[in-house]
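Engineer: Before I ask anything, here is the structure I am working with.
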Amino acid sequence: MAESVWQYSHHVLAGLVSHEGPILVVANWDGTYPGLVGALNLTGSLTKAGVKYSFLWSKDFTDTFFKVGLKEWLDTGRVTHDLSHVNRFDSTHVEEDYLLIAEKLAARIQDDKVIMGVFDEGCMGMFNAIVPDDLMHALGIYKERLSQSTLYANMLTVSDAEANAVLDWMLQKGMNFVWGTDPANELTKEQTLEQCKMYIAAVRLAAEFGCDTIGIQYQQGLKELTAASDLAEGLLNNTDRPPVFDTKGKELYSTVALPHFNEVDECAGIDGYVTYHLWRELGLDGDNTLHDLRYGETFTIDGKDEFVWVFLISGAAPASHFKGGYAGADSMRQPPMFFGKGGGTLRGVSRPGKIVWSRIYIDNNELWCDIGTGRCVALPETEVDRLWKLTDPQWPVMHGVLDGVSRDQMMAKHKANHIQVVYVDADFDVRKAAEIKAATFVNLGISVNFCGI
């Protein structure tokens, strides 16, 4: 399976699930033609489906790593990768006070129940991102299946004045909107106001159904009707966001984020909800997001060669992640090829700082999580612009270095195109934060691997 594009994995699985011979997924390493993103989704989907496969990647297919791996597959039908960075997490060495926090949050979730609002499952063929209900229920999380049609219908009930109030809030924060006059190719103010109505409608529907976290598919189904969902999604994941009121004037979800999982990735939805509330228990900023593992190159950082990942989400991240916050954020039109109705992103360059990364996935019909630590690094502006142009300049970016995990180790083990990231600010130890999060997942019944240092 040669990958140089994004594919809808459920279409490809139709042949691979019943294929009787060995399978090798091969991805190019290119920012513009993201085969590695498509391949990571496919391998995650194959893992969930219980299909055995091998996986290789290369920039030009002449390097030793690729040629040795290809020969091994041709000779044996399998490829062996270095997974020495992966260790089963042991919570016994977590400090007692912090372990108690993890246990209490897990117990609260299982006792009180969490409602996950899902606006149409199965975005762009991501079979790996759909979590079976029984696995969700064991955690204490229950899906409320909502319709994007209902979301659109509720958008029509939001007044122009309400939408303008949301826009004015962002403008007062210093956010920049790259508006033009050609709606087919440029972002227009009218499209942005439509997105503001979606934001209000999403919050109101979440409140109506008692949701604790929500995810909007957008592609497919909603993109034929209205502007992109990305601006709304970025706002939802930020604790500091425009207030939303119900029709009687009551503020909804006051002073907190409403965690949103991009592209209805339910694995990210579980992670995002737990992370947000755990971080708040620890006195940390819980604003978090998923990104695509889109690309990466080696740079010299503080005198040392480091592999820097280009984590790029397809539209929006919380402004609290950006240099300058909302004042450092802008909104650019989504590419017309995929977003005929337009709409803007919520983009910026993520600020330097410590991060915890993670990914929940399904293997052998069980929930697992790989977790580790890292940092977001600052690159020269010329390199930021070059990497943006190489990928998608409309989208928010994080330049990430993972502690103790090489590029090839990450590719070999990661079971999704998505990765969850959250900052660990101030003096809080990043390793300790990751371990507390891992302990929370263990208490929920999720098996955890600690990856890297």
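Engineer: Let me confirm something: among I453, I436, which residue is open to solvent by less than 10 Å² (accessible area, probe 1.4 Å), among the β-branched types (V, I, T) and either touching a residue at least 40 places away in the same chain (Cβ under 8 Å) or within 15 Å of G353 (Cα to Cα) (or both)?
Structural biologist: Checking each option against the conditions leaves just I436.
Engineer: Please enumerate the residues belonging to region 329-339 that are in contact (Cβ under 8 Å) with a residue 40 or more places away in the chain and farther than 19 Å from N262 by Cα.
Structural biologist: Within region 329-339, just P336 meets the criteria.
Engineer: For region 78-110, give me each residue that is open to solvent by 30 Å² or more (accessible area, probe 1.4 Å), free of Cβ contacts under 8 Å to residues at least 60 places away in the same chain and in contact with a strand residue (DSSP E or B) (Cβ under 6 Å, 6 or more places away or on another chain).
Structural biologist: R78, the sole residue that qualifies.
Engineer: Take the residues in region 365-393 that are free of Cβ contacts under 8 Å to residues at least 12 places away in the same chain and closer than 18 Å to G324 by Cα; name whichever of them is surrounded by the most Cβ atoms within 10 Å (Cβ to Cβ).
Structural biologist: Ranking the candidates gives D385 first.
Engineer: Do we find a residue being touching a helix residue (DSSP H, G or I) at 6+ places or on another chain (Cβ under 8 Å), modelled with pLDDT under 95 and open to solvent by 10 Å² or more (accessible area, probe 1.4 Å) anywhere in region 221-236?
Structural biologist: yes
Engineer: Checking V264 against (1) under 23 Å from G122 (Cα atoms); (2) open to solvent by 10 Å² or more (accessible area, probe 1.4 Å); (3) touching a strand residue (DSSP E or B) at 6+ places or on another chain (Cβ under 6 Å): exactly one of these is not met. Which one?
Structural biologist: The failed condition is (2).
Engineer: Also, I was wondering about something else. Just checking, which of D425, D408 is acidic (D, E), part of a helix (DSSP H, G or I) and open to solvent by 30 Å² or more (accessible area, probe 1.4 Å)?
Structural biologist: Of D425, D408, the one residue that is acidic (D, E), part of a helix (DSSP H, G or I) and open to solvent by 30 Å² or more (accessible area, probe 1.4 Å) is D408.
Engineer: Sticking with this structure for a sec: Please verify whether region 298-311 includes one or more residues that are small (G, A, S) and either touching a residue at least 40 places away in the same chain (Cβ under 8 Å) or in contact with a helix residue (DSSP H, G or I) (Cβ under 8 Å, 6 or more places away or on another chain) (or both).
Structural biologist: There is no residue in region 298-311 that is small (G, A, S) and either touching a residue at least 40 places away in the same chain (Cβ under 8 Å) or in contact with a helix residue (DSSP H, G or I) (Cβ under 8 Å, 6 or more places away or on another chain) (or both).
Engineer: Looking at region 9-27, which of its residues are surrounded by 15 or more Cβ atoms within 10 Å (Cβ to Cβ) and either of a type in the set (S, T, Y) or in contact with an Asp or Glu (Cβ under 7 Å, 6 or more places away or on another chain) (or both)?
Structural biologist: Correct list: S9, V25, V26, A27.
Engineer: Criterion first (without any contact (Cβ under 8 Å) to a residue 24 or more places away in the chain, open to solvent by 10 Å² or more (accessible area, probe 1.4 Å) and assigned to a helix (DSSP H, G or I)) does E190 satisfy it?
Structural biologist: Criteria met by E190.
Engineer: While we're on this one: Would you confirm whether any residue within region 357-364 is assigned to a loop (DSSP other than H, G, I, E, B), out of contact with any Lys or Arg (no Cβ under 9 Å at 6 or more places or on another chain), touching a residue at least 12 places away in the same chain (Cβ under 8 Å) and at negative phi?
Structural biologist: no
Engineer: Across region 248-305, which residue is farthest from the chain's Cα centre (by Cα) among those that are assigned to a strand (DSSP E or B) and among the aromatic types (F, W, Y)?
Structural biologist: Only one residue tops the list, namely F299.
Engineer: Residues of region 319-356 being aliphatic (A, V, I, L, M), crowded, with 18+ Cβ neighbours inside 10 Å and outside any strand (DSSP E or B), which ones?
Structural biologist: Of everything in region 319-356, those that are aliphatic (A, V, I, L, M), crowded, with 18+ Cβ neighbours inside 10 Å and outside any strand (DSSP E or B) turn out to be A319, A329, M332.
Engineer: May I pose another question? Given the criteria closer than 16 Å to L156 by Cα, touching a residue at least 40 places away in the same chain (Cβ under 8 Å) and aromatic (F, W, Y), does Y199 qualify?
Structural biologist: The answer is yes for Y199.
Engineer: Just to be sure I understand the filter: pairs with C-beta atoms under 6 Å, separated by 6 or more residues or on different chains, first member in region 13-35 and closer than 18 Å to G69 by Cβ, second member assigned to a helix (DSSP H, G or I) and not hydrophobic (A, V, I, L, M, F, W, C). Which pairs pass?
Structural biologist: Every condition considered, the pairs that remain are V25/T43; A27/G35; N28/G35.
Engineer: Name the pairs: first residue in region 140-167 and within 30 Å of G445 (Cα to Cα), second residue in a strand (DSSP E or B) and open to solvent by 20 Å² or more (accessible area, probe 1.4 Å), Cβ to Cβ under 9 Å, at least 6 apart or on different chains?
Structural biologist: Close Cβ pairs satisfying both conditions: I141/I115; Y142/I115; K143/I115; E144/I115.
Engineer: Spot the failing condition for A39; the list is (1) of a type in the set (A, V, I, L, M); (2) assigned to a helix (DSSP H, G or I); (3) surrounded by fewer than 18 Cβ atoms within 10 Å (Cβ to Cβ), and only one is missed.
Structural biologist: (3)
Engineer: From (1) open to solvent by 30 Å² or more (accessible area, probe 1.4 Å); (2) modelled with pLDDT of 95 or more, pick out the condition that doesn't hold for D302.
Structural biologist: Failed condition: (2).
Engineer: While we're here: Specify which of the listed residues (L278, L312, L282, L290) is over 20 Å from G400 (Cβ atoms) and open to solvent by less than 10 Å² (accessible area, probe 1.4 Å).
Structural biologist: L278
Engineer: A follow-up question, please. Kindly indicate the residue of region 193-232 that is of a type in the set (S, T, N, Q) and in a loop (DSSP other than H, G, I, E, B) and also farthest from the chain's Cα centre (by Cα) among those meeting that condition.
Structural biologist: That would be T226.
The values are calculated or read from the model by the stated rules, or taken from the named source; none is laboratory data. Being a predicted model, the structure only gives us computed values, none of them experimental. Note: ideal-geometry Cβ built from the backbone for every residue, glycine included; neighbour counts use all protein chains shown. Ligands, DNA and RNA are stripped out before the accessible areas are found, and what is left, the full protein with its side chains, is counted by its heavy atoms. Shrake-Rupley method; radii C 1.70, N 1.55, O 1.52, S 1.80 Å.
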